[in-house]
Amino acid sequence: MGEINNIVCDYLGLPGYYADFWNGTVFRGKRKIKIWQLQRHDREYYKPKNKKGRTGNVYRDVQMYCKGKKDVLLGVEVMATLDYTIPVKVMDYNVQELQRQIKDIRQKNREEKKDRAGVYLYGFRKTDKLLPVYTIGLYCGEETYDGPQGILDMMDVEELGKDFRKLLKDYRIRIYNLKDLQEENYETSLREIIAIFKRSEDREAMKQYYLEHKERFKTLDEISIDTMGVLIGKKSLKLFPQEEGGLDMCKAFEDEREEGREEGILVTLCSLVKDGLLKLEDAAKRANMSEEMFCRKMQEMP
């Protein structure tokens with residue numbers, strides 16, 4: 001897993017943010033899931049050995065029990081880069097979870113000696129039920145996920161006749177693009193994270209949104225600021241807290257401007273040295289660098 005995957009999974013691994021994510025994304029702002037209904041359900045599944053004697057462990061990104069009249073397992077698979085095999089991966093993860101449940105039921109039945117009569121095979125009775133599992137995909141990249149949304153989308157079925165096509169059952173999942181989500185559907189810091197991420201390519205739009213919702217940015221906690229920073233490629237955001245807490249993005253914008261000015265000066269100094277118009281030692285002094293460091297910077301310049 002990469003940095004984006006890790007930080008987004010850590011963030012969504014908190015029940016309050018997970019509930020808000022499902023309510024805002026799947027239920028479009030309706031408060032269907034409450035924080036008290038959720039419980040972490042981290043899982044690592046073990047696949048059997050292949051021909052080379054290797055096992056491949058499968059890890060869910062985020063998965064939680066949702067307690068209610070009927071319990072359900074809710075999962076999210078995070079993508080930082082485009083992955084057009086995600087429908088198969090999600091189906092495999094869900095099957096692995098169902099296999100685990102079958103194993104647990106078998107064990108329980110054997111411990112309770114419910115299989116002595118031999119009226120059912122494999123330790124699983126006709127009346128035994130599995131907990132429903134539902135998983136969605138979340139793409140956090142700058143592009144737009146435009147790939148398959150189900151298994152049939154990945155199969156070449158165009159030349160099959162009607163009778164054969166009727167035999168094939170699809171397994172569809174929902175895949176959401178982070179940049180397409182509507183920030184007003186969320187109540188937690190997800191609103192600010194999504195809003196800033198959507199505007200990350202337009203500095204003025206990002207600044208304008210911050211100024212219009214400055215009070216909400218005061219309430220951001222550390223993991224929210226870290227998540228926002230990683231998503232927009234500005235990990236230094238956490239270095240700009242407000243005195244009363246939260247995030248002061250004005251300071252971040254000022255720092256960004258200063259970095260841009262310093263970078264421009266450095267480019268100019270390097271060009272003057274390369275053109276023989278300025279001595280290396282003088283350029284290094286103006287850049288507040290050692291001559292060795294300045295030489296390394298020159299080599300990095302295009």
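The values are calculated or read from the model by the stated rules, or taken from the named source; none is laboratory data. Because the structure is predicted, anything quoted here is derived from the model rather than measured. In this analysis, Cβ positions are derived from the backbone assuming ideal geometry, glycine residues included, and neighbour counts consider all displayed protein chains.
In region 48-110, which strands (runs of 3 or more DSSP E) lie fully inside it and hold 1 or more residues that are at pLDDT below 90?
Ranges flagged: 57-59.
Name the single residue that is farthest from residue 104 (Cα to Cα) among those in region 121-171 being surrounded by 14 or more Cβ atoms within 10 Å (Cβ to Cβ) and among the β-branched types (Val, Ile, Thr).
So the residue we want is 151.
Can you list the helices (runs of 4 or more DSSP H) lying wholly within region 204-302 that have 1 or more residues being closer than 30 Å to residue 184 by Cβ and modelled with pLDDT of 80 or more?
In region 204-302, 214-217, 222-231 are the helices (runs of 4 or more DSSP H) which contain 1 or more residues that are closer than 30 Å to residue 184 by Cβ and modelled with pLDDT of 80 or more.
Where the second residue is charged (D, E, K, R) and at pLDDT below 75 and the first is surrounded by 12 or more Cβ atoms within 10 Å (Cβ to Cβ) and lies in region 102-117, which pairs have Cβ atoms under 9 Å and are six or more apart or on separate chains?
106/115; 108/114; 109/115
I need a count of the residues in region 150-183 that are closer than 30 Å to residue 213 by Cβ, part of a helix (DSSP H, G or I) and not basic (Lys, Arg).
The total comes to 3.
Pairs please, first residue from region 167-183 and under 30 Å from residue 228 (Cα atoms) and assigned by TED's automatic domain parsing to the domain that holds residue 151, second anywhere and among the polar types (S, T, N, Q) and loosely packed, with under 14 Cβ neighbours inside 10 Å, Cβ atoms under 8 Å, 6+ apart in sequence or on different chains.
177/144; 179/144; 180/144
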